[in-house]
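For reference, the structure discussed in these notes is given below.
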Amino acid sequence: MAKTRVVVVDDSALVRSMLTEIINRQPDMECIGAAADPLVAREMIRNLNPDVITLDVEMPRMDGIDFLSKLMRLRPMPVVMVSTLTERGADVTLKALELGAIDFVAKPKIGVADGLKLLADDITDKIRIASKARIHRLPTPAAGAAAPASGAATSAAAPRPAPIVSASLGRLSTEKIIFIGASTGGTEATKEVLITLPADSPAVVITQHMPPGFTRNYANRLDGLCKISVKEASDGERILPGHAYIAPGGMHLSVERSGANYIARVQDGDPVNRHKPSVEVLFSSAARVVGPNAIGIMLTGMGADGAKAMREMKDAGAYCVAQDEATCVVFGMPREAIAAGAINEVLPLPKIAAHIMDHLRSTSGSMLSRV
């Protein structure tokens, strides 16, 4: 079987050397080139035609974001970003995912050599996933359109749009909870669902596979784009309509009852299905605690995390939807949920939020706001 051919782009000679060694130790991949900056990488990509590139976020001559933006317009290909665990690194990484990077590896700010050794399995797993991912070409900017800011994502939140609603969800929004599970490609897929929901939507609880240090920035970015409020979940807080709660990186998120209210439970623990946070943990709590008042959405991602628990949700009376293969970056998690008999409907990503609102209208018998 042909090996996955990888080009490493990083301004650190140490990182280039270590990534090359990690990749070449794998029987199914090889590093065919290593570049110190994007301009050298551009020629390498032209001449070597790699299957995947790993790309440092911050580099001289042309930073990783500018290079990625040009690459995804002119020669789209799978990219795994290598990001530093800093607040700015998190913001820039989220911008890279918006531009079409498949995933990212969060390297430590200090102790890089030891840190990369510990991340070897994670790095090579993400390269494997990227090599099979569905790539979308970025549209060419219209004439006169502003180019992306060099070297950083926009961190200031945009003004919250006025809610486009015609009636209150009323009592229904206090009873229903929407649960979302996602992994590779999920940051953008989740965003597409959330930005379409009305301001008085039922509460949304989300597990997206992300490491510590990134979920707070992710929640803040979404909060500036959505009609609903979006935040990183805190242990013990009440789950309210019109709000979305994202599992903190490195912690499990579940829901519990406290009297008449639902609350978030954020806890440490062992990885489940190799993940922390795990979709399995969240969806199991949805089946156990929320039952028929739960709505499940399985979005793009590799593996089977959450499939078994989503079947538990469906068996408990929840209504469950999966993203279709054509719009997934990786069709692993939705495929496994479908195979488990956990899904009521398979839909393209752009139709999921509207379908959920239609379902709520049709089952409630009341006039709910349209998205």
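Each residue in the stretch 88-138 was checked for being free of Cβ contacts under 8 Å to residues at least 24 places away in the same chain, not charged (D, E, K, R) and not in a loop (DSSP other than H, G, I, E, B), and 2 pass. In the set (1) at pLDDT 95 or above; (2) under 25 Å from the mean Cα position of the chain (by Cα), the condition left unmet by VAL92 is number (1). Considering the stretch 159-194, and only residues there that are at pLDDT below 95 and assigned to a helix (DSSP H, G or I), the residue that is farthest from the chain's Cα centre (by Cα) turns out to be ARG171.
Is at least one residue of the stretch 355-363 free of Cβ contacts under 8 Å to residues at least 40 places away in the same chain and either closer than 20 Å to LYS276 by Cβ or assigned to a loop (DSSP other than H, G, I, E, B) (or both)? No, because not a single residue in the stretch 355-363 is free of Cβ contacts under 8 Å to residues at least 40 places away in the same chain and either closer than 20 Å to LYS276 by Cβ or assigned to a loop (DSSP other than H, G, I, E, B) (or both).
Residue by residue through the stretch 176-195, note down the ones that are of a type outside the set (Lys, Arg), open to solvent by 10 Å² or more (accessible area, probe 1.4 Å) and touching a Pro at 6+ places or on another chain (Cβ under 8 Å). GLU192 - this is the single residue of the stretch 176-195 that is of a type outside the set (Lys, Arg), open to solvent by 10 Å² or more (accessible area, probe 1.4 Å) and touching a Pro at 6+ places or on another chain (Cβ under 8 Å).
When you check ARG257 against the structure, is it in a strand (DSSP E or B) and out of contact with any Pro (no Cβ under 9 Å at 6 or more places or on another chain), yes or no? Can you show your working first?
Numbers: in a strand (DSSP E or B): yes; out of contact with any Pro (no Cβ under 9 Å at 6 or more places or on another chain): yes.
For ARG257, the condition - in a strand (DSSP E or B) and out of contact with any Pro (no Cβ under 9 Å at 6 or more places or on another chain) - is met.
Residues in the stretch 37-57 that are in a loop (DSSP other than H, G, I, E, B) and surrounded by 18 or more Cβ atoms within 10 Å (Cβ to Cβ): 4 in all.
Looking across ILE65, ILE127, one residue alone is modelled with pLDDT of 95 or more and surrounded by 23 or more Cβ atoms within 10 Å (Cβ to Cβ). It is ILE127.
Can we say ARG265 is open to solvent by 10 Å² or more (accessible area, probe 1.4 Å), farther than 15 Å from GLY185 by Cβ, touching a His at 6+ places or on another chain (Cβ under 9 Å) and in a strand (DSSP E or B)? Criteria met by ARG265. For the stretch 217-233, enumerate the residues that are assigned to a strand (DSSP E or B) and buried (at least 23 other Cβ atoms within 10 Å of the Cβ). Result: VAL230, single match. Quick check on PHE214: is it over 18 Å from ALA353 (Cβ atoms), buried (at least 23 other Cβ atoms within 10 Å of the Cβ) and hydrophobic (A, V, I, L, M, F, W, C)? Criteria met by PHE214.
If I filter the stretch 20-29 down to residues being open to solvent by less than 70 Å² (accessible area, probe 1.4 Å) and not aliphatic (A, V, I, L, M), which single residue comes out as farthest from MET77 (Cα to Cα)? Spell out the reasoning first.
Step one: list which residues in the stretch 20-29 are open to solvent by less than 70 Å² (accessible area, probe 1.4 Å), which gives 20, 22-23, 26, 28-29.
Narrowing the set further to residues that are not aliphatic (A, V, I, L, M) leaves 20, 26, 28.
Details: THR20: 19, GLN26: 21, ASP28: 19 Å.
Taking the candidates together, the pick is GLN26.
How about the stretch 1-33: which of its residues are aliphatic (A, V, I, L, M) and within 19 Å of ARG128 (Cβ to Cβ)? Spell out how you get there, then give the answer.
Taking the stretch 1-33 first, the residues aliphatic (A, V, I, L, M) are 1-2, 6-9, 13-15, 18-19, 22-23, 29, 32.
Matches in the stretch 1-33: MET1, ALA2, VAL6, VAL7, VAL8, VAL9, MET18, LEU19, ILE22, ILE23, MET29, ILE32.
For the stretch 292-306, name all the residues that are open to solvent by 10 Å² or more (accessible area, probe 1.4 Å) and either of a type in the set (D, E, K, R) or assigned to a helix (DSSP H, G or I) (or both).
Start the filter on the stretch 292-306 by keeping residues that are open to solvent by 10 Å² or more (accessible area, probe 1.4 Å), which leaves 292-293, 302-304.
Across the stretch 292-306, the qualifying residues are PRO292, ASN293.
Considering the stretch 234-248, the residues that are part of a strand (DSSP E or B) and open to solvent by less than 40 Å² (accessible area, probe 1.4 Å) include one that is nearest to VAL193 (Cα to Cα), namely ALA244. Note on the stretch 1-19: among residues that are crowded, with 18+ Cβ neighbours inside 10 Å and in a helix (DSSP H, G or I), the one that is nearest to the chain's Cα centre (by Cα) is LEU19.
When ALA34 is tested against (1) open to solvent by less than 10 Å² (accessible area, probe 1.4 Å); (2) within 20 Å of THR84 (Cβ to Cβ); (3) out of contact with any Pro (no Cβ under 8 Å at 6 or more places or on another chain); (4) modelled with pLDDT of 95 or more, just one condition goes unmet, and that condition is (1).
The values are calculated or read from the model by the stated rules, or taken from the named source; none is laboratory data. Since the structure is predicted, the reported quantities are computational estimates derived from the model, not experimental observations. Neighbour counts run over all protein chains shown; Cβ positions are idealised from the backbone, glycine included. Surface accessibility is based on the protein's heavy atoms, side chains included, excluding ligands, DNA and RNA. Shrake-Rupley method; radii C 1.70, N 1.55, O 1.52, S 1.80 Å.
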